[in-house]
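A short worksheet on the structure shown next.
The values are calculated or read from the model by the stated rules, or taken from the named source; none is laboratory data. Quick caveat: nothing in here was measured; it's all calculated off a predicted structure. Cβ atoms come from the backbone with ideal geometry, glycine included; neighbour counts cover every protein chain shown. Accessible surface areas use protein heavy atoms only, side chains included; no ligands, DNA or RNA. Shrake-Rupley method; radii C 1.70, N 1.55, O 1.52, S 1.80 Å.
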Amino acid sequence: MKTKKLVMIPGPTPVVRSIQDQMGRETVAFGDPEFVKDFKELLDDLKNLFKCSGEVFVVAGSGTMGMEMAIANTTKKGDNVLVVSHGFFGDRFIELGKRKGLNVDIVSSEWGETVPVEKIREKLSRKNYTAMTVTHVDTSTGVCAPVAEIGEMMKDFPETIYIVDGVCATAAEPEYVDDMGIDILFTGTQKAFGVAPGLTMLWAGEKALQRRKSLGDIPEYFIDFEKWLPIMNDPSKYYATPAVNMVWALKESVRIIKEEGIEKRYERHKKNAEAMQAALESLGFKILAKECCRAVTLSNLIYPEGTDDAKFRSLLAEEGIMVAGGLAAYAGKMFRLGHMGNIDKHDLVSVIATIERALYRAGMPVELGKGVGVLQQNLMK
Ligand code: PMP
């Protein structure tokens, strides 16, 4: 019999039936009054849930488009931009900025650590930066940046637009746009929202919207705030075709989030992450992210001595779960396991049990049931 496959890579994450059903609905015209109403309600919910008194944009695209949209609408060629990087996805802003002709300065940490807030302050004090980017959870390292603390510090730099990449964080790690002093937050549908890939969400505070206005015409067309603003205020208008079924799917995800309660969702992610991490450590894996700054959305697990990455991951796939490999210097030395979105205790128990079976079949020393025991004890706390 074919084994069921759980997608436990750090995005896309498992998509629950009710969200899949929305993607499978008969597509309607984007001007259909029912759809327009649904889209409008979705936008209002997104603003409320993430406490943004500015605007939210929901546009077909992925996380990378969110990165580009943030930069395109707040900077112009020749501007100074500071990239705070905790890994591969933080670094992605470097090339993106350079291609736009920005002067990019970088402050980065060792993989597994965060840049101290005082070091960021020191950098910002030396030059006038138009914008600064911070990746909330860098998926390459599993490190979570202190975005609220950085936002507090940013009060001393009111000219700098504070951009937060929430691709691997939003809807799992607490994020409040206004309260945290974030000027732009963006994410994609495929991670903690538990929807298939396909939409970019971007929240822009008043300062970011003003900055966009001050730029006049920008070279970018599809991702221009000014082009989308009339549609986000009144989705019956047309600029470029909205991804109708994906909007419904996201709306169902937001319904689930509201039903659970966003604070409860944050707590669930934290509890699940701690339980998973304790179980995985008990099986001999080392977590790359230091204890101070571990993400709740995924774990980046360094193998015990002697584990063959390719063999282990193919055994895991045979046993029923898909995980991702390590990036850059950690390729072959680590695997990445997502535990975010609409996954439940059944999934968590199953994942740890599957990892135990894969270790066993790989000939690694493992006591079957040990990780599951630790997980269960933590879940029952
Ligand atoms: N930022 C972060 C933190 C990510 O994890 C990713 C994707 N893993 C991206 C940006 C890029 O998003 P996408 O692949 O959806 O374009």
Give me a count of the residues in segment 181-217 that are outside any loop (DSSP other than H, G, I, E, B), open to solvent by less than 10 Å² (accessible area, probe 1.4 Å), of a type in the set (Gly, Ala, Ser) and more than 11 Å from the ligand (Cβ to nearest atom).
2
Would you be able to say whether some residue in segment 235-248 is more than 20 Å from Met65 (Cβ to Cβ), touching a residue at least 24 places away in the same chain (Cβ under 8 Å) and surrounded by fewer than 19 Cβ atoms within 10 Å (Cβ to Cβ)?
yes
Of everything in segment 62-79, what is more than 10 Å from the ligand (Cβ to nearest atom) and crowded, with 18+ Cβ neighbours inside 10 Å? Give them in sequence order.
Met69, Ala70, Ile71, Ala72, Asn73, Thr74, Thr75, Asp79
Please work out if Glu281 is open to solvent by 40 Å² or more (accessible area, probe 1.4 Å), among the charged types (D, E, K, R) and not in a helix (DSSP H, G or I).
no
Is one or more of the residues making up segment 169-180 within 15 Å of Ile257 (Cβ to Cβ), open to solvent by 10 Å² or more (accessible area, probe 1.4 Å) and not charged (D, E, K, R)?
yes
For segment 138-161 the number of residues that are surrounded by 24 or more Cβ atoms within 10 Å (Cβ to Cβ) and farther than 23 Å from Gly194 by Cβ is 1
Among (1) in a loop (DSSP other than H, G, I, E, B); (2) surrounded by 21 or more Cβ atoms within 10 Å (Cβ to Cβ), there is one condition Glu220 misses while meeting the rest; what is its number?
(2)
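Can you find even one residue in segment 87-100 that is part of a loop (DSSP other than H, G, I, E, B), open to solvent by 30 Å² or more (accessible area, probe 1.4 Å), in the same structural domain as Trp248 (by TED's automatic domain parsing) and more than 14 Å from the ligand (Cβ to nearest atom)?
The answer is yes, given that some residue of segment 87-100 is part of a loop (DSSP other than H, G, I, E, B), open to solvent by 30 Å² or more (accessible area, probe 1.4 Å), in the same structural domain as Trp248 (by TED's automatic domain parsing) and more than 14 Å from the ligand (Cβ to nearest atom).
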Being open to solvent by less than 20 Å² (accessible area, probe 1.4 Å), part of a loop (DSSP other than H, G, I, E, B), at pLDDT 95 or above and among the β-branched types (Val, Ile, Thr) narrows it down to one of Ile355, Ile343, so name that one.
Ile343
